[in-house]
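Notes to accompany the following structure.
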Amino acid sequence: MSDQAPQRPRLAFLLPVIAFLLLAVIAAVGLMGTINGTRNAELPSVLVGKQAPDLPNIPLGEALARPLSDFAGQPVLVNVMASWCAPCRAEIPALALLSKEVPVIAIAYKDKAEDTAIFLSQYGNPFEAVWMDYDGTNAIEWGIYGVPETFLLDGDGKIILRHAGPVFKDTITNVIRPALAELAR
Amino acid sequence: MIMVKRLLSLLMVGFALMSGSAFAITPEEQLSDPILEERARDLSAQLRCLVCQNQSIDDSDADLAKDLRREVRVQLSDGLSDDVILANLQATYGDYILLNPPVSRATSILWASPLLLLLLAGGLFWQFRRTASAAPSPMAEDDVSNRATQTAPQNDKAQAPSIARPALAALIGVIIVITAILYSQLGRPELAAQPLANRDTQRAEAAIENAARQAALQDALTKAQDKVAKVPQSVEAQLELALAYARNDEFQKEGEALRRALALSDGAPVIKAMLAESLSRQADGQITLPARALISEVLDAMPNEPRALFMAGLAAYQDEAYEMAISIWQELAKSAPQGTLWAGLAQRNIVTAAQEGGITVPETLQPAPDAEMVTAITAASDEDRAEMIDSMVSSLEARLADNPDDPTGWQRLVQARRVLGEEEGLLRALMGAAQALPEQRDAQLDLLEYGLSHAASPAWLKSAKAALMRLSADDEMALEYLFFAGHVARLSGDTNQAIGYFEALYQALPRNVVGGDNDFKAELRAIITNLKAQN
């Protein structure tokens, strides 16, 4: 009996250590996930399923001044981009591929009109319409927190999905085309 | 007293000024109405900056935080209530924008967890109290004092630590091991050992070198500009200017010069391909849509234009269409002259694309030797290695004997023999290649070159003459032809003929060539004199 009594408090002393170890393992797993990219760091959009906010009302030139209502009844992509954003350059070829399947509309976020125009002449223009959001007010309505972001709207103007970050070819095959196919059904 | 008060207030003003820098909000953002401004600050403190994620928008300097602060103030000025403003932002950005997460089904565990922990702690405490009071109280007290002071334990109490201590030691050991593993996996900074003092001198040296290089580049650019100013209608001058701009990293101007050259040359496809390349350079290497349009124009006019083919492959690669990229580059590797820059680049890129796309490339086009082979060879013992290489090369040779129309295969065989230092095998390979590929100039020239650095055997002489015949079909006045014809004649003992060829070569060489080529002329003169003396 005199052997057992002192042991209990020892066990209690070990408990926090074990708890700490457990915590360390959990943190390590989380950290590894972030590093490997298996843990999704993308913030979810609450706008999915809701009616899309308005586009800005300043177009980049008359030719690119097509409103969303022009595309009523068909799905449309809204790409929030900027000439100063490097990933936005990288996604232009993928958007060009997509533009053969679905009209793509750009919101130029915090960009100067001449910069956007130069950007489009340099990298090519996959967009049916380009609208200027000079101060980022519209972007807040769209829930943007960084460019590029891309939204897929159905024929009624409802947001079907949001993709944060550049659109690459695998985004098209894995995310956008399946959603388009779903819409076509 | 008043003095002290004044001092205190001064100090407080000082602190206020100092801490003022910690606030991200700038004066021009503030609302004129102090009550509204107060509400705006209050709301901002509750909203998360979605870029920095652990700061409120009130604290953050991020652009988005600034926009959100403005949005809050706009909505306040519109007369909306705090709740409505929060709800509006929550509707576009979700719960995540609220630093205080609302109670919902998803967050219930989060909110309940402090209570649960408290209950758990209380339960444990109660449990210990019960067991402690069940045990004889002097024992427990003794144990506490023993733990606190770590005085020499008495015999009967030493038992308890003797169990816990190894366990504790083991635990600490485990923690250290885990930490070490984590550290080696995640945190090790891989910096080369570079003492600070060295770094400064290195930096200074690099700066000097860089300045010299810059000056030289600038110089070349000025010269090119002068030339263009003198002969503005010369395509060549524009191309030189474009090159000078490209070397100075002025890709925009490179493009302009190329456009002028393109206009002057009436849209030459080769220049168009250069322009496409320049456009891509302007776009940090991305083959942009305008560049793609140019490339397809070039390939329509000239399906084998190597630069356009190379870039077409790159465009496919950037689209992650790896199989297409590989097939385009294979085309390039086939059509570009062997041993040129394009063929090498194409081969290298095929390997990269194959790895990226997880594609196995048909064997004949695989460059030799691939990484796997190299590892296998280096892993083997010396004898095994020699045997492995030998069997590989022999099998290649056998395959080429069956199917001689394989330029890359011949190239590999020649290279392998050369590296292995097998003179006999090398000559055999060179002769085989020259014979199997009569159209390939390089194959003929390689064979002819062999005789200059090796003792000329009758076998070589015979096939060298045949190679000369094939070359002469090309152009009898080509410098290489004259050069090798002279040597072959000399080595077969036909001195007169050799003198004739060498004289013709001497005449054909430009009168005043730059740099090392003048040495060559002198050398040639010496050979001729020597031959004449022999005669």
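The values are calculated or read from the model by the stated rules, or taken from the named source; none is laboratory data. Here the structure is a predicted model, which means the values were calculated and not measured. Here the Cβ is made from the backbone with ideal geometry for all residues, glycine too, and neighbour counts use every protein chain on show.
If we scan region B:406-415, do we find a residue that is outside any helix (DSSP H, G or I) and under 24 Å from residue B:343 (Cα atoms)?
Within region B:406-415, one or more residues are outside any helix (DSSP H, G or I) and under 24 Å from residue B:343 (Cα atoms).
Tell me which of these residue A:78 doesn't satisfy, since it passes every other one: (1) buried (at least 23 other Cβ atoms within 10 Å of the Cβ); (2) assigned to a helix (DSSP H, G or I).
(2)
Yes/no matrix, rows are residues, columns are (1) farther than 16 Å from residue B:428 by Cα; (2) modelled with pLDDT of 85 or more; (3) surrounded by 13 or more Cβ atoms within 10 Å (Cβ to Cβ); (4) not charged (D, E, K, R):
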site: B:449; (1), (2), (3), (4): no, no, yes, no
site: B:456; (1), (2), (3), (4): no, no, yes, yes
site: B:475; (1), (2), (3), (4): yes, no, no, no
site: B:483; (1), (2), (3), (4): yes, no, yes, yes
site: B:492; (1), (2), (3), (4): yes, no, yes, yes
site: B:506; (1), (2), (3), (4): yes, no, yes, yes
site: B:533; (1), (2), (3), (4): yes, no, no, yes
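In region A:167-185, what residues are among the small types (Gly, Ala, Ser) and in contact with a helix residue (DSSP H, G or I) (Cβ under 7 Å, 6 or more places away or on another chain)? Steps first, answer last, please.
Step one: of region A:167-185, the residues among the small types (Gly, Ala, Ser) are A:179, A:181, A:184.
Scanning region A:167-185 gives no hits.
If I ask for residues that are at the interface with chain B (Cβ under 10 Å from one of its Cβ atoms) and without any contact (Cβ under 8 Å) to a residue 12 or more places away in the chain, which ones from region A:94-109 would you list?
none
For region B:211-234, give me each residue that is surrounded by 13 or more Cβ atoms within 10 Å (Cβ to Cβ) and either of a type in the set (Gly, Ala, Ser) or under 10 Å from residue B:248 (Cβ atoms) (or both).
The answer is B:217, B:218, B:220, B:221, B:224, B:234.
How about region B:312-345: which of its residues are over 17 Å from residue A:94 (Cα atoms) and within 14 Å of chain A (Cβ to nearest Cβ)? Steps first, please.
In the first step, residues of region B:312-345 are kept if they are over 17 Å from residue A:94 (Cα atoms); the result is B:323, B:326-345.
Once the filter is applied, which keeps residues that are over 17 Å from residue A:94 (Cα atoms) and within 14 Å of chain A (Cβ to nearest Cβ), region B:312-345 yields only B:323.
Could you look through region A:67-88, keep only residues that are of a type outside the set (A, V, I, L, M) and under 18 Å from residue A:144 (Cβ atoms), and pick out the one that is nearest to the chain's Cα centre (by Cα)?
Let us first name the residues in region A:67-88 that are of a type outside the set (A, V, I, L, M), namely A:67, A:69-71, A:73-75, A:79, A:83-85, A:87-88.
Filter again for under 18 Å from residue A:144 (Cβ atoms), leaving A:79, A:83-85, A:87-88.
On the way: A:79: 9, A:83: 17, A:84: 17, A:85: 14, A:87: 12, A:88: 12 Å.
For region A:67-88, the residue satisfying everything is A:79.
Output yes when any residue across region A:110-126 is within 20 Å of the chain's Cα centre (by Cα), under 24 Å from residue B:284 (Cα atoms) and either away from chain B (no Cβ under 12 Å) or assigned to a strand (DSSP E or B) (or both), and no when none is.
yes
Give the residue, chosen from A:87, A:67, A:59, A:75, that is more than 11 Å from chain B (Cβ to nearest Cβ), under 16 Å from residue A:164 (Cβ atoms) and in contact (Cβ under 8 Å) with a residue 40 or more places away in the chain.
Numbers: A:67 fails: under 16 Å from residue A:164 (Cβ atoms); A:59 fails: under 16 Å from residue A:164 (Cβ atoms); A:75 fails: under 16 Å from residue A:164 (Cβ atoms).
A:87 is the lone residue from the list that is more than 11 Å from chain B (Cβ to nearest Cβ), under 16 Å from residue A:164 (Cβ atoms) and in contact (Cβ under 8 Å) with a residue 40 or more places away in the chain.
Among the residues that make up region B:47-62, is at least one of them within 22 Å of residue A:146 (Cβ to Cβ), of a type in the set (Lys, Arg) and either touching a Leu at 6+ places or on another chain (Cβ under 9 Å) or more than 10 Å from every other protein chain (Cβ to nearest Cβ) (or both)? Write out each step before concluding.
Quick first cut of region B:47-62, residues within 22 Å of residue A:146 (Cβ to Cβ) only: B:47-62.
From what's left, of a type in the set (Lys, Arg): B:48.
Now drop any that are not either touching a Leu at 6+ places or on another chain (Cβ under 9 Å) or more than 10 Å from every other protein chain (Cβ to nearest Cβ) (or both), which leaves B:48.
Checked against the condition, which is being within 22 Å of residue A:146 (Cβ to Cβ), of a type in the set (Lys, Arg) and either touching a Leu at 6+ places or on another chain (Cβ under 9 Å) or more than 10 Å from every other protein chain (Cβ to nearest Cβ) (or both), region B:47-62 yields at least one hit.
Could you please find all residues in region B:353-394 being of a type in the set (Ser, Thr, Tyr), touching a helix residue (DSSP H, G or I) at 6+ places or on another chain (Cβ under 8 Å) and at pLDDT 60 or above?
If the condition is that a residue be of a type in the set (Ser, Thr, Tyr), touching a helix residue (DSSP H, G or I) at 6+ places or on another chain (Cβ under 8 Å) and at pLDDT 60 or above, then B:360 is the only one that fits.
Of the conditions (1) farther than 14 Å from residue A:92 by Cα; (2) in a loop (DSSP other than H, G, I, E, B), residue A:183 clears all except one; give me its number.
Single failed check for residue A:183: (2).
In region B:399-440, what count of residues is obtained for those that are among the charged types (D, E, K, R) and within 16 Å of residue B:334 (Cβ to Cβ)? Walk me through how you get there before you give the answer.
Of all residues in region B:399-440, those among the charged types (D, E, K, R) come to B:399, B:402, B:405-406, B:412, B:417-418, B:422-424, B:428, B:439.
Narrowing further to those that are within 16 Å of residue B:334 (Cβ to Cβ): B:405-406, B:412, B:439.
Total meeting the criteria: 4.
Pairs only if they're at least six apart or on different chains, beta carbon under 6 angstrom, first in region B:62-76 and over 12 Å from residue B:26 (Cα atoms), second of a type in the set (Phe, Trp, Tyr); list them, first residue then second.
B:64/A:145
What residue, among those in region A:131-143 that are out of contact with any Asp or Glu (no Cβ under 6 Å at 6 or more places or on another chain) and outside any helix (DSSP H, G or I), is farthest from the other protein chains (Cβ to nearest Cβ)?
Looking only at region A:131-143, we keep the residues that are out of contact with any Asp or Glu (no Cβ under 6 Å at 6 or more places or on another chain), and these are A:131-135, A:137-138, A:141-143.
Filter once more, so that each one left must be outside any helix (DSSP H, G or I): A:131-135, A:142-143.
On the way: A:131: 17, A:132: 15, A:133: 10, A:134: 12, A:135: 7, A:142: 7, A:143: 4 Å.
Among those that are out of contact with any Asp or Glu (no Cβ under 6 Å at 6 or more places or on another chain) and outside any helix (DSSP H, G or I), it is A:131.
Taking the options B:291, B:257, name whichever one is at pLDDT 90 or above, within 14 Å of another protein chain (Cβ to nearest Cβ) and surrounded by 24 or more Cβ atoms within 10 Å (Cβ to Cβ).
Numbers: B:257 fails: within 14 Å of another protein chain (Cβ to nearest Cβ).
On inspection, the qualifying residue turns out to be B:291.
So which residues in region B:451-507 are touching a residue at least 12 places away in the same chain (Cβ under 8 Å), farther than 18 Å from residue B:529 by Cβ and among the basic types (Lys, Arg), if there are any at all?
Within region B:451-507, B:465, B:470 meet the criteria.
One residue is enough: does region A:144-166 have a residue meeting the conditions in contact with a helix residue (DSSP H, G or I) (Cβ under 9 Å, 6 or more places away or on another chain), part of a helix (DSSP H, G or I), surrounded by 19 or more Cβ atoms within 10 Å (Cβ to Cβ) and on the phi < 0 side of the Ramachandran plot? Don't jump to the end; show me each part of the working.
Let us first name the residues in region A:144-166 that are in contact with a helix residue (DSSP H, G or I) (Cβ under 9 Å, 6 or more places away or on another chain), namely A:144-150, A:152-155, A:157, A:160-161, A:163, A:165-166.
Now restrict to residues that are part of a helix (DSSP H, G or I): none.
No, region A:144-166 contains no residue that is in contact with a helix residue (DSSP H, G or I) (Cβ under 9 Å, 6 or more places away or on another chain), part of a helix (DSSP H, G or I), surrounded by 19 or more Cβ atoms within 10 Å (Cβ to Cβ) and on the phi < 0 side of the Ramachandran plot.
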